[in-house]
Amino acid sequence: MLTEHAFGEFYQRHARAVWTYVYRSTNNAADADDIVQEAFLRLFQTDLLPSDEEGLRRYVFRIAGNLMTDRWRKRTREERHGAALSEQSSVSPRDLDVARTFAELKPRDRALLWLAYVEGGSHADIAESLRLGRDSVKVMLSRARLRLRDLLKARGLIEGKLE
Amino acid sequence: MTQHEDLTAAEEQGLSAFMQRLQASTLDRAPRMPNADVLVLKAQLIRKWEAQRRIRRPIELMEPFEIFATAAAAVLLLFWSVPSAFDWVERLMF
């Protein structure tokens, strides 16, 4: 179990990264607030935890992933895709465009791609994080990549045009 | 990430670049989460409630049995004591 001090420091260092992952996957800021808070609460209450920072980080991502999976199972398709990205002057049109393109994918595809590309998770890590079988992760990730590629191609954002 | 056979190298590069840009992009809404101290306090409260619930659980589980035992004891007591009570009343009256 983490001490209060260790928990506080770990939370300061990683909460934002976990929030960004959840937000980009759910496309819903309020859900991300709830899920991340719940994930860290569960982490603090767990008795047996990995001793290293990286292990803890993976663990909290896994809790957050499981919580997202629970929500996806509860919600209807309409609700899943309901939340839209808000128009805010602080976000550049280019960033908004990138976020909107990503938001067109299904929530699970977004989570898979985020874990694979941003977090650099292995198939085993992703499988644990999203409560999927390892073989399913391979197939689903492959399909998610193809869907993202098609989306980027349709918008003319692939093959060097991003740089 | 390992190279995937159904994507060309350029496509793979494009996907990686897109994900990097997504990661670096400004969020349209900042996280609204409590600071660590509040979260710790919340966790401690939950832990306390859980501990209280664990302590109360056997008592709550036994409650129906207690009610049943009390009711059974009351019936038995009534069954045994009513005839002698009638005797006592009769002796008192006559």
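The values are calculated or read from the model by the stated rules, or taken from the named source; none is laboratory data. These numbers were taken from a predicted model, which means no experiment stands behind them. A quick note on method: Cβ atoms are made from the backbone with ideal geometry, for glycine too, and the neighbour counts reach across all protein chains shown. Heavy atoms of the whole protein, side chains included, go into the accessibility calculation; ligands, DNA and RNA do not. Shrake-Rupley method; radii C 1.70, N 1.55, O 1.52, S 1.80 Å.
Here B:Pro34 meets each of (1) farther than 30 Å from A:Asp97 by Cβ; (2) open to solvent by less than 70 Å² (accessible area, probe 1.4 Å); (3) in a helix (DSSP H, G or I) with one exception, condition (3). Condition check for A:Gly120 on (1) away from chain B (no Cβ under 11 Å); (2) at pLDDT 90 or above; (3) at positive phi: one failure, at (1).
Here's the yes/no breakdown for (1) under 18 Å from A:Leu132 (Cα atoms); (2) open to solvent by less than 30 Å² (accessible area, probe 1.4 Å); (3) away from chain B (no Cβ under 14 Å):
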{"residue": "A:Phe10", "(1), (2), (3)": "no, yes, no"}
{"residue": "A:Ala15", "(1), (2), (3)": "no, yes, no"}
{"residue": "A:Val36", "(1), (2), (3)": "no, yes, no"}
{"residue": "A:Phe44", "(1), (2), (3)": "no, yes, no"}
{"residue": "A:Leu49", "(1), (2), (3)": "no, no, no"}
{"residue": "A:Arg57", "(1), (2), (3)": "no, no, yes"}
{"residue": "A:Asn66", "(1), (2), (3)": "yes, no, yes"}
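Scanning the range B:76-94 for residues that are among the aliphatic types (A, V, I, L, M) and open to solvent by less than 100 Å² (accessible area, probe 1.4 Å) yields a total of 4. Is it true that A:Met1 is out of contact with any strand residue (DSSP E or B) (no Cβ under 9 Å at 6 or more places or on another chain), hydrophobic (A, V, I, L, M, F, W, C) and surrounded by 17 or more Cβ atoms within 10 Å (Cβ to Cβ)? Spelling it out, it is not the case that A:Met1 is out of contact with any strand residue (DSSP E or B) (no Cβ under 9 Å at 6 or more places or on another chain), hydrophobic (A, V, I, L, M, F, W, C) and surrounded by 17 or more Cβ atoms within 10 Å (Cβ to Cβ). One residue alone among B:Ala51, B:Ala24 is loosely packed, with under 11 Cβ neighbours inside 10 Å and farther than 30 Å from A:Asn28 by Cβ, and that residue is B:Ala51.
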